[in-house]
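This report concerns only the one structure given below.
Throughout, read-outs are computed from the coordinates displayed, never taken from laboratory work. Note that the coordinates shown come from a computational prediction; the quantities given were computed from them, not determined experimentally. Cβ: placed from backbone, ideal geometry, glycine included. Neighbour counts: every protein chain shown.
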């Protein structure tokens, strides 16, 4: 582990008494190892005599007030437990910083595979297709959950979701600008008057990339949806549009499928995939679909620009962060090319 990982690693001596009190059937001793991914909130695999668990915590140190809200993650995962949405079973939340230094929660460890490459290397065409079908079904299941029925009626402000998202991410982008990106300036001017609103409100995950889906160890199906830190109430069409960005981006630009022979891979086209989702939720694809996609490309470019800024400032010092940060401009340019294509 690096310095940051070591600083965030829970001390078993501090953690074990809490686990014994709050996790039914827990038996120590416990060992913790950092899991890849989940970098905003450090995530650890816990191994104990009673089984395996996952601990997800706020980072140690000064934090933005609105970031790293593990209590919200715990709440949404617990609320979804009785639904068709596959989530790990959560055990307990600790908001007392005195236990291991920051708030955290514990859930079951779910065995599975994480694919960062949506081309799904190593799978057969029929398996790839099944993974995409399962993903569409899982997202549709999430968007069909009634927030009120699962106790999440106050989980966010449903009105003007995209306007609030645009305001948030455009401000974040301005705060993290390192060099001017003309396409981002044009998008910031173009988007506010054109943001769609489907009038539908649901629980939105906020980051429905394939790599936030855990795939069964041997079968081509989703067994858990992970990383709920951006979840809230909002417009489900923005959530599925974010998921569909893979079809608009090349593999070397950002975990994409553009330019690939999808038929040979066994992967559905974007249209087939989105229409399957549409049938599952019983709502037609909105006329503003392309604008949902443009907005989510803009948002992705803004998120990546934040990584570029942290790399420049030395708070995300590894070379991978700097390389990723340089992709903000081409992603913004892809978004603007779609504006021009829709007659913007």
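Taking 0.36 nm per residue of separation and subtracting the Cα-Cα distance, full extension of the segment from residue 269 to residue 97 would add 57.2 nm.
For a modelled paramagnetic label at residue 250, 7 Å from Cα along Cα-to-Cβ, the residues of the stretch 324-344 in reach, with backbone nitrogen under 13 Å, are 330-331, 334. Fewest-first ordering of 240, 100 by other beta carbons within 10 Å of each residue's beta carbon gives 100, 240. Potential lengthening of the chain between residue 133 and residue 11 amounts to 39.8 nm, from the contour at 0.36 nm per residue minus the alpha-carbon distance.
Please work out how much length the chain gains when fully extended from residue 320 to residue 47, using 0.36 nm per residue of separation minus the C-alpha to C-alpha distance, in nm with one decimal. Don't skip to the answer; put the middle values down first.
Numbers: separation 273, 0.36 × 273 = 98.28 nm, distance 2.98 nm.
Full extension from residue 320 to residue 47 adds 95.3 nm.
Here the spin labels are modelled as points 7 Å beyond Cα on the Cα-Cβ line, and at residue 185 and residue 20 they lie 6.3 nm apart. The distance between label points at residue 312 and residue 285 comes to 3.7 nm (points 7 Å beyond Cα on the Cα→Cβ vector). As a length-normalised measure over Cα pairs under 8 Å and 6 or more apart, the relative contact order of the chain settles at 16 percent. Taking the longest Cα principal axis of the chain as reference, the axis of helix 161-176 is set at about 80 degrees.
Give the shape of the stretch 185-344 as rounded, prolate or oblate, defined through the alpha-carbon gyration tensor: a ≥ b ≥ c are the square roots of its eigenvalues, a/c under 1.5 means rounded, and otherwise the shape is prolate if a/b is larger than b/c and oblate if not. Please list the in-between numbers first.
Values: a/c = 1.43, a/b = 1.13, b/c = 1.27.
Verdict is rounded for the stretch 185-344.
Projected label points at residue 126 and residue 60, each 7 Å from Cα along the beta carbon direction, are separated by 5.1 nanometres. Against the chain, whose longest principal axis is taken from its Cα atoms, helix 125-143 shows a tilt of about 80°. Put in order of Cβ neighbour count within 10 Å, fewest first, the listed residues 205, 91, 143, 216 become 216, 91, 143, 205. Against the chain, whose longest principal axis comes from its Cα atoms, helix 270-281 is set at around 60 degrees. Measuring r between the beta carbons of residue 258 and residue 31 and using R0 = 51 Å, the FRET efficiency lands at 0.75. Sorting 171, 86, 327 by the number of Cβ atoms found within 10 Å of their own Cβ, with the fewest placed first, yields 171, 327, 86.
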